[in-house]
Structure formats: structure tokens, C-alpha cells
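Just below is one structure, and these are the notes that go with it.
What follows is calculated from the coordinates using simple rules that are stated; it is not laboratory data. If you're wondering where the values come from, they're calculated on a predicted model, not measured in any experiment. Cβ placement follows ideal geometry from the backbone for every residue including glycine, while neighbour counts extend to all protein chains displayed.
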Ligand code: DC
């Protein structure tokens, strides 16, 4: 366990391995792990349940004012709680995935989550995973990583991960992923891109352990 309490950010496109790597890294460091994509998915779930369209800014603003989201730990791991309901198992459907990408381009949603994410970082000793952690939310983070992999590898990983619960073909998974990557990296506000001081890691041909070891080696050099 590391005694230094740092803010570590891991940004990158979907399927690059961020979630798996962030979880293991946080455990090795004795840190909290925050999946910020889950927060965008939580907003998407609430918006769909309220019948909002993803570009209804005034509806989204009103909705965000009523949302309380928090991560709690239980025997199943880190759970996302939205207004007292555990929504962890309901936010990974293809519909929510695309809706989350659409609402993540709306300034009202980003501002709402910006404050929430910064509050979660006040304690220090956290690994934050997302798209704009190192660029916008924590520009002064102690260590920033940008994790990438080839488009084919990322689609293959996503397909394998969800094939038992998601009826989509590999081609559909790859098509959705390409569309989402395009949304996430071309939007005006906080687009997906590496921070200037981020360390780039391409996980295409690396094992999870190797990626985590490389990150640990960087973190251990920080005083
Ligand atoms: O990491 P994920 O696939 O669960 O993220 C869902 C969507 O949320 C993704 O398409 C883009 C958006 N997102 C974002 O804009 N900024 C973040 N920090 C995290 C996710």
C-alpha cells in the first residue's frame, strides 16, 4: 500500500482496458476507484426514465438538480447509488451506452458532474477513470495516464465482455463503438484527448498485469 495520497487519472476510449486496470491499480495502491463513465450512465438512465431526449437542456438541468449519486462499497464491490437505488446492474445496456455518450456532450450535464467528481476527489488517494479526468476535471492531478488500444482490439474486448448478456453481433458492437468514439472525441466540450502531460500507454499487445506494472513504476517515482 502506498502512503502518498495522490490523484491518479486514467483517460482513454472505450475498450482500452481502463476499468480493469483502474480497479487493480487502486487495489494495489490502497486507493478508492471512481468510474466516472458510470456517472454519465446514471444521468442517462434517469433521463430515459423521465422520457427526456438527450438534447433537452432545460429538462436535463431540472433533472440534474434532483439527482444524488454516490459510490458505496459492499461485498459485490463498488456500487453506484442514485437517489437511494442501486443502479449498478442497470447501466450497461446498449441503449444507455449510446444515450450516455449523447448527454455527455451537453454542458448542463458536464457541469453537474464536474462538481460531483471534484467533490469525490477532495479526499485524495483516488484513481479516476474517464475521458476528461486529466484535461478538465483534475488538470493538476499528480499522475495522468492515457490508455489506448487499436479499434479492432477494443471492439473485440467489448464484444467478449458482454456477449452473454448483450445480443449484439461483433459488427454491431464495433459500429456502435466507432460512433461513440467519434461523438466523445469530436464534441466541443471536454472532448476525449490526452492531456499534454499524460503518459500514453497502448494496451493492444500488453497484458493487464504489464499495464498495471508500468503505471505502478511511474507512480512510485512521485514524491
Ligand atoms: O466509460 P463509459 O463507456 O462507461 O462512459 C460512458 C459515456 O460517458 C462515454 O461515451 C462518454 C461519457 N464520459 C465522458 O464524457 N466523460 C467521462 N469522464 C466519462 C465518460
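Listed values, structure above:
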| quantity | calculated |
| --- | --- |
| Cα-based shape type of the stretch 68-223, given that a ≥ b ≥ c are square roots of the gyration tensor eigenvalues and the cut on a/c is 1.5 | rounded |
| Dmax and Rg, reported as Rg then Dmax, of the stretch 59-118 (C-alpha, Å) | 12.4, 36 |
| Sum of -39500 (n - 2.57) over DSSP H runs of 4+, divided by residues of the chain (222 nm, nearest 500) | -14500 deg cm²/dmol |
| Relative intensity, log₁₀ I(q)/I(0), of the stretch 9-85 from a Debye sum that treats every alpha carbon as a point, q = 0.23, 0.25, 0.26 Å⁻¹ | -1.08, -1.16, -1.20 |
| Cα gyration tensor shape of the stretch 1-143, rounded if a/c is under 1.5, else prolate or oblate by comparing a/b with b/c | prolate |
| Which of 10, 91, 208 has the fewest Cβ neighbours within 10 Å, and the rest in rising order | 208, 91, 10 |
| DSSP-defined beta bridges in the stretch 73-223 - what % are antiparallel, rounded to 5 | 50 |
| Within a Gaussian network of the chain (alpha carbon springs, distance under 10 Å), most fluctuating of 84, 74, 142 | 74 |
| Kirkwood Rh, Cα atoms: Rg over Rh of the stretch 5-54 | 1.11 |
| Label-point separation, residue 221 to residue 73 (7 Å along Cα→Cβ), nm | 3.0 |
| Residue exposure sequence - 14, 104, 150 - by fewest surrounding Cβ within 10 Å | 150, 14, 104 |
| Gyration tensor (alpha-carbon) shape descriptor, the stretch 101-160, a/c threshold 1.5 | oblate |
| 18, 124, 193 arranged by Cβ crowding within 10 Å, fewest neighbours leading | 124, 193, 18 |
